[in-house]
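Quick notes on the structure that follows.
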Amino acid sequence: MKTIIGLDEILFAVDDVAASAQFLTDYGLVPIDVTAQGGRFKAMDGTAIVLAHRDNSSLPPAINDHCLMRKTVMGVADQASLDEITGELRKDRDVRVLSDGSIESVDDSGFVIGFQLTVRQPVSEIGEVSNAPGSPIQRALNHRGVDPERGPIQPRTLSHIVYFVPDVEKAERFYVDRLDFRCTDRFTGAGPFLQPAGSPDHHTHFMIGAPAHMQGVEHFTFHFAGPNEIIQNGTRFVEKGYQAFWGPGRHIFGSNWFWYFNSPFFCNIEMDADMDLLDGAWQPRECSMSEDTSQAFLLKYRERWSPGAGTSPKGDYA
């Protein structure tokens with residue numbers, strides 16, 4: 001079994017490293033060894049976004065002019081899995097062994113992919129807990145559920161990536177047949193949610209069929225501790241001038257809370273939390289993709305308001 005844990009890092013090549021670095025820092029990632037040529041932006045468990053200047057000649061090639069992502073690196077549980085993936089891919093394509101022991105190749109859609117012994121470290125900080133009456137699990141006495149003065153909110157781990165691909169069936173077959181992913185749910189006519197063998201997350205990859213000229217990344221995201229972190233961090237993000245795209249809300253497939261934003265990487269970036277965890281007993285669902293099937297509910301962000309502060313917001317809900 002090829003025990004792929006999930007995404008360890010995503011590499012983007014950009015023209016303006018400083019602006020992209022500020023964006024990722026404001027999102028909540030911690031900058032590591034950042035220079036004018038790029039750097040690493042880390043979540044709590046060590047997974048990361050890696051930036052490099054577009055002029056760096058050592059970068060893997062771009063899949064087209066409008067996709068800034070150059071490579072996704074997946075973490076595996078052990079050397080046996082890495083060796084098995086190497087052998088599998090070498091049946092019909094080149095596999096490079098890099099100086100750090102990781103491997104690099106391409107998938108059947110042409111995206112550059114890498115595999116390495118995972119960098120993920122355990123995160124022991126307890127996630128968000130709700131004081132639901134009658135629940136045996138509650139927040140400790142005198143422990144507040146929200147702190148407006150809280151410092152920077154750091155995402156916990158790299159969650160998933162969504163690809164636009166010209167041949168969604170071919171893309172799915174590669175990950176399922178060659179890398180031991182499985183489909184957990186599917187949007188008919190759009191594409192599958194895919195889970196690797198070493199992760200209980202509902203998905204780490206989602207494929208959407210699209211014309212060849214649109215091939216690239218639709219969005220990527222990190223997991224946060226819960227909806228409070230998403231809404232608090234997302235509100236701060238908007239107040240810093242970044243443009244919200246969709247949300248906040250909650251998906252049906254995967255159940256994860258979401259808030260999407262425009263990014264400088266020619267794709268969207270999401271903040272997500274509380275995704276379903278699934279095992280082999282799960283039976284995939286399938287339905288068409290629509291407003292009703294994409295979210296259980298969708299909230300509307302507005303600027304801060306309170307009674308007595310002026311104009312009532314009630315017209316928004318009439």
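The values are calculated or read from the model by the stated rules, or taken from the named source; none is laboratory data. What you see is a predicted model; the values in this text were computed from it and never measured. Glycine also receives a Cβ, built like all others from the backbone with ideal geometry; neighbour counts cover every protein chain displayed.
Glu125 falls short on exactly one of the conditions (1) of a type outside the set (Lys, Arg); (2) in contact (Cβ under 8 Å) with a residue 40 or more places away in the chain; (3) over 23 Å from Asp45 (Cβ atoms); (4) surrounded by fewer than 18 Cβ atoms within 10 Å (Cβ to Cβ), and that condition is (3).
Among the residues of the stretch 71-84, just one is over 21 Å from the mean Cα position of the chain (by Cα) and either in a loop (DSSP other than H, G, I, E, B) or within 22 Å of Pro264 (Cβ to Cβ) (or both), namely Asp78.
Counting the residues of the stretch 200-210 that are assigned to a loop (DSSP other than H, G, I, E, B) and surrounded by fewer than 23 Cβ atoms within 10 Å (Cβ to Cβ) gives 2. Cβ-Cβ contacts under 8 Å between residues 6 or more apart (or on different chains), taken from a first residue in the stretch 151-171 that is without any contact (Cβ under 8 Å) to a residue 60 or more places away in the chain to a second residue that is among the β-branched types (Val, Ile, Thr) and part of a strand (DSSP E or B), are listed as Val162/Ile208; Val162/Val217; Tyr163/Ile208; Tyr163/Val217; Phe164/Ile208; Phe164/Val217; Val165/Ile208; Val168/Ile208. Listed by first and then second residue, the pairs linking a residue in the stretch 233-251 that is of a type in the set (Ser, Thr, Tyr) to a residue that is assigned to a strand (DSSP E or B) and at pLDDT 95 or above, with Cβ atoms under 8 Å apart and 6 or more places separating them unless they lie on different chains, are Tyr242/Phe261; Tyr242/Asn262. Considering the stretch 62-97, the residues that are more than 17 Å from Leu7 (Cβ to Cβ) and among the polar types (S, T, N, Q) include one that is surrounded by the most Cβ atoms within 10 Å (Cβ to Cβ), namely Thr86.
The set of residues from the stretch 90-110 being touching a helix residue (DSSP H, G or I) at 6+ places or on another chain (Cβ under 9 Å) and either at pLDDT below 95 or at positive phi (or both) comprises just one member, Gly101.
Kindly check whether there is at least one residue in the stretch 23-33 that is touching an Asp or Glu at 6+ places or on another chain (Cβ under 7 Å), in contact (Cβ under 8 Å) with a residue 12 or more places away in the chain and in a strand (DSSP E or B). Spell out how you get there, then give the answer.
Within the stretch 23-33, the first condition is being touching an Asp or Glu at 6+ places or on another chain (Cβ under 7 Å), and the residues that meet it are none.
The answer is no, given that none of the residues of the stretch 23-33 is touching an Asp or Glu at 6+ places or on another chain (Cβ under 7 Å), in contact (Cβ under 8 Å) with a residue 12 or more places away in the chain and in a strand (DSSP E or B).
Among the residues examined, Ser109 does not qualify as part of a helix (DSSP H, G or I) and either crowded, with 16+ Cβ neighbours inside 10 Å or in contact with a Lys or Arg (Cβ under 7 Å, 6 or more places away or on another chain) (or both). The set of residues from the stretch 252-272 being of a type in the set (Phe, Trp, Tyr), within 19 Å of Arg186 (Cα to Cα) and without any contact (Cβ under 8 Å) to a residue 60 or more places away in the chain comprises Trp257, Phe258.
Return the only residue of Ile252, Ile230 being under 28 Å from Glu125 (Cα atoms), in a loop (DSSP other than H, G, I, E, B) and of a type in the set (Val, Ile, Thr).
Ile252
Every residue in the stretch 154-199 that is assigned to a strand (DSSP E or B) and of a type in the set (Phe, Trp, Tyr), please.
Tyr163, Phe164, Phe187, Phe193
Scanning the stretch 43-70 for residues that are closer than 15 Å to Gly114 by Cβ and under 14 Å from the mean Cα position of the chain (by Cα) gives Thr47, Ala48, Ile49, Val50, Met69.
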